[in-house]
Amino acid sequence: IGLTHSAVISEGNLGRPAEAIRLAPDGLGMLAVSMSARETSIALVALTGEVSEVSVLPATAETPYEEAITVVADAVRLLASTGNQRFHALAGLGVSFGGSVSFRDGRIADASSFPDWRGKALAHDLEVATGIRTHVDNQPVAIIRALSWFGPTANHNRFLCFADNGLAGCVSPPLGPFPDNGLTSGNFGHVNGRDTGERQCWCGLYDCLN
């Protein structure tokens, strides 16, 4: 279907040949949007990992939600036309969002940097506006999962933490990411770090690792 470029046959174990499939650089593409409090960017990403057509959009935490949806949707449709010419197929739209969001339905849960966006169905609204299948995940969690999926495959004895405005998530290559039951790893930062009862976190608890 145009996603692979070629196959390399090599000698395998027990006399069976091993076949390595090379991905076609123009086979499958993805539209990627990154939304943070300070800026929003959009890019075209190939399945091989190549990133192109990067641009910054006028959408920040101060932008009204409906206006931001319009700005992002217009940019997505424009870039999708470029992607349809460059790739055999587009997989869809992936959005990394700088706040708590449900990966299951793409609804914003508790966006401390986007107080007026709480409860908004971000994935649904972008999908309706663009006609393109959309998935949304928390930005640090997306990075943590990417490191888990595409990072070292060997069982390295190390523990990696990602921190932005707090301790956002952790991953250990042998064990994978450490998400909670809601498929987010943000709660890792709200583990009790010491028992003084003196420093209150924005979440309402005291002495969080954050």
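Summary of values
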item	result
Local electrostatic count, residue 125, Cβ distance below 15 Å [Lys/Arg +1, Asp/Glu -1]	-1
J(HN,Hα) series, the range 40-48, from Karplus relation 6.51 cos²θ - 1.76 cosθ + 1.60, nearest Hz, glycine and proline x	10, 10, 9, 8, 9, 10, 8, 4, 6
Built amide H within the under 5 Å cut-off of residue 59, gap 5+	40
Difference of contour (0.36 nm per residue) and Cα-Cα distance, residue 199 to residue 9	62.4 nm
Per-residue SASA entry for residue 76, accessible area with 1.4 Å probe, Å² rounded to 10	0 Å²
Extension gain, residue 56 back to residue 19 (0.36 nm per residue minus Cα-Cα distance, nm)	9.2 nm
Segment residue 66-residue 133, length gained on full extension (0.36 nm per residue, minus Cα span)	22.2 nm
Per-q log10 I(q)/I(0), the range 34-104, q = 0.14, 0.17, 0.20, 0.23 Å⁻¹ (Debye; single scatterer per alpha-carbon; no solvent)	-0.46, -0.67, -0.90, -1.11
Two-site FRET efficiency, residue 110 against residue 43, from Cβ-Cβ distance with R₀ of 35 Å, rounded to 0.05	0.85
Karplus 3J(HN,Hα) series, Hz, for the range 50-57 with 6.51 cos²θ - 1.76 cosθ + 1.60 (x for Gly, Pro)	6, 10, 8, 6, 7, 8, 9, 10
Filtered GluC sites (Glu not before Pro), the range 44-118: DSSP coil and at most 13 other beta carbons within 10 Å	50, 62
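The values are calculated or read from the model by the stated rules, or taken from the named source; none is laboratory data. Not measured: the values here are computed from a predicted model. A quick note on method: Cβ atoms are made from the backbone with ideal geometry, for glycine too, and the neighbour counts reach across all protein chains shown. Please note that ligands, DNA and RNA were not included when accessible areas were found on the heavy atoms of the full protein model with its side chains. Shrake-Rupley method; radii C 1.70, N 1.55, O 1.52, S 1.80 Å.
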